[in-house]
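The values are calculated or read from the model by the stated rules, or taken from the named source; none is laboratory data. The structure presented is a predicted model; accordingly, all values stated were derived computationally and were not measured. When we count neighbours, we look across all protein chains shown, and the Cβ atoms used for this are built from the backbone with ideal geometry, even at glycine. Protein only, heavy atoms only, side chains kept; ligands, DNA and RNA dropped before computing areas. Shrake-Rupley method; radii C 1.70, N 1.55, O 1.52, S 1.80 Å.
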Amino acid sequence: MRLWGIALLIKDDLYLLLDETRELAKAPFYNSDFKKYLSKLNETIEYLIGHYDKLPITANDFRSVVNLFWTATKYLKGSTSNQIPHETVYALRRVLEEWMGGSFLITTALLDEPNYHFLGVNPGHIIKDLISRAPAIKEIDIEVIQIALPRLYRHRPLNNVALYHELGHFVDSYFGIIKYYILQRKLAGQNLDEREINHLKELFADLFAASYTGDAIKCFLLSFAEGNPASLTHPATSNRVKYIDDFLSGKNVKLVDDFNRILDLRKLPLLEIKYTEPDIEEAFNDIKPYAIANNKELHGMNMIGRAFLKKAMQQTAEPWKSMPENKVSQIINDLVEKSVRNKMLKEKWGNASTTS
Amino acid sequence: MRLLHREEILESIGSEDKSSLFVEPLLEPSQVGEVTLDLRLGYDFRVSILTRSPKVELAGKEGQRSISSFFQETRREVGDTFVLYPSQAVLTTSLEYIGLPDHVYMDVVTRSSYSRLGIQINSMVQPGFRGCVPIELFNHGNNAVELVVGSRICQAKLFDVEQSSGYSSSNARKYYGNVRPTLSKADNDEEIRILSRINNP
């Protein structure tokens, strides 16, 4: 019998989470995959409540499970928000499909702080590990990816290039890239300390982002962390920028080769240039969106859009010269957003029109 | 002033000339009728809501409540539905981004399938305009109407005014290059300031 006080709190949390997921299931904006996921979450929570005293796990483990469900519902709630920047999510989804195939759901939340997240949450893995003797639980086999970005940037796609970096962390964590690297170094007799490991994770995420967004990620780094020295968690910004510059200029970078050897062994895509530079000048200078031709151009919009914005903000030529400064940034970000949205629309319309 | 017909509209849309008509995305060529261009319901909305304040103030008085507080922002995906309630005013835009030549102006009205349900749209777009067409939706009927995002809700007539306007190079344009509904800027009109000084010199 569990200690009465702890049991009451955990069980009450489960009831509250059950109510939350039932309410979420009534939201009209979910697609069928989300509804399936919610239904499985509900079943699992109901099972846990019904078998609470009989399951062979500790209260701490139970608390971990509850926290996991809490995290899962937090971002599901965000996805009912009717302000999600679908255009940003669309571009990231293309990257995820390249690395993971199509077996995932994306939920998005808008934060009231300058922060970005990109997490994978699959309670099913945890439940299965913790409750191996509970065959009645149907495994939740859908990978749920949770993206979070600042609410202030929901219509500023050029500011959200950091999500590519966060996606790099997710890919590393999901496939164990750095873990594999550490193991290889260990087998070679080299033990890495916590600082080195953290730095490697950041460099992988930087290079991952650069492979899709070019020097847009470098510009972002310099905006937020210029001059930052090395710390326990991050390399010096100057070091990070050098890696990005060397990678983008095609120089031989040993670390990139090391990562790519691991990626190749795991039969994953490599770190290489995955964007092209769309010629947006004529369209944008005429205040018109650009017709994005393919995914490479889609990712390239980050770099080219940012470069175009930088030039336009100098306000030396029309139509930008006579505009208020904040309007320049708004219009260019809007044109990027609309360019992406038009690509999405044509794709969806085309697919729906050909489906019988 | 001359109403543009189908061949002229199609030719202009298909032209690579910078000064031609720009409609993107044109999901179906059939949107171009004999003398009209059908436009689709966009995915961003600003819904008018009731607040504690009894009125929207435009007189420019100190402490005046912002117009934005009377509207709630919401988005849908194409194919989703949006319910327009009786007597509700909602701001949205066309799905299509339009670029009008400097000598073409556009009148936008409800397609008859929707006006028969009590939906009213009445808008005009200046020569040289750039942006998604602003649409002010109003439901005059007694019943709520469930609209589908992406459906052809309005139609535009295009007129060649046979003289280039300076709209696109004018600093006075307020709603230029917008891709989502923009709230009224009536309270920022210079005239409002002039009028307010009449009684308060």
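Observations
- Residue match in the range B:34-43 (condition: without any contact (Cβ under 8 Å) to a residue 60 or more places away in the chain and within 14 Å of another protein chain (Cβ to nearest Cβ)): no
- Residue check, B:HIS140 closer than 19 Å to A:PRO319 by Cα, modelled with pLDDT of 90 or more and either surrounded by fewer than 17 Cβ atoms within 10 Å (Cβ to Cβ) or more than 14 Å from chain A (Cβ to nearest Cβ) (or both): no
- Scanning the range B:148-182 for residues that are within 14 Å of chain A (Cβ to nearest Cβ) and modelled with pLDDT of 70 or more returns B:VAL148, B:VAL149, B:GLY150, B:SER151, B:ARG152, B:TYR176, B:GLY177, B:ASN178, B:VAL179, B:ARG180, B:PRO181, B:THR182.
- Checked against (1) assigned by TED's automatic domain parsing to the domain that holds A:GLN184; (2) under 30 Å from B:ASN178 (Cα atoms); (3) of a type outside the set (Asp, Glu), A:GLY305 meets all criteria but (1).
- Hey, B:GLY128 more than 14 Å from every other protein chain (Cβ to nearest Cβ), farther than 23 Å from B:ARG75 by Cβ and part of a loop (DSSP other than H, G, I, E, B) or not: no
- Here is the figure for the range B:112-125: residues that are open to solvent by 60 Å² or more (accessible area, probe 1.4 Å) and part of a loop (DSSP other than H, G, I, E, B) total 2.
- If only residues of the range A:331-356 that are touching a residue at least 24 places away in the same chain (Cβ under 8 Å) and acidic (Asp, Glu) are counted, the one that is farthest from the other protein chains (Cβ to nearest Cβ) is A:GLU337.
- Whenever a residue of the range A:237-262 is more than 12 Å from A:ILE273 (Cα to Cα) and outside the structural domain of A:ILE217 (by TED's automatic domain parsing), it has no partner that is in a loop (DSSP other than H, G, I, E, B) and open to solvent by 60 Å² or more (accessible area, probe 1.4 Å) lying with C-beta atoms less than 8 angstrom away and at least six residues away or across chains.
- Members of the range A:304-330 found to be among the aliphatic types (A, V, I, L, M), out of contact with any helix residue (DSSP H, G or I) (no Cβ under 7 Å at 6 or more places or on another chain) and within 14 Å of chain B (Cβ to nearest Cβ), listed by number: A:ALA317, A:MET323
- Selected residue (criterion: farthest from A:ILE178 (Cα to Cα)) from residues of the range A:260-300 that are in contact with a Lys or Arg (Cβ under 7 Å, 6 or more places away or on another chain) and either more than 14 Å from every other protein chain (Cβ to nearest Cβ) or of a type in the set (Asp, Glu) (or both): A:ASP286
- Tally, over the range A:287-313, of residues that are open to solvent by 10 Å² or more (accessible area, probe 1.4 Å), modelled with pLDDT of 95 or more and not in a helix (DSSP H, G or I): 6
- Meets criteria (open to solvent by 70 Å² or more (accessible area, probe 1.4 Å) and touching a Gly at 6+ places or on another chain (Cβ under 6 Å)) for A:GLU318: no
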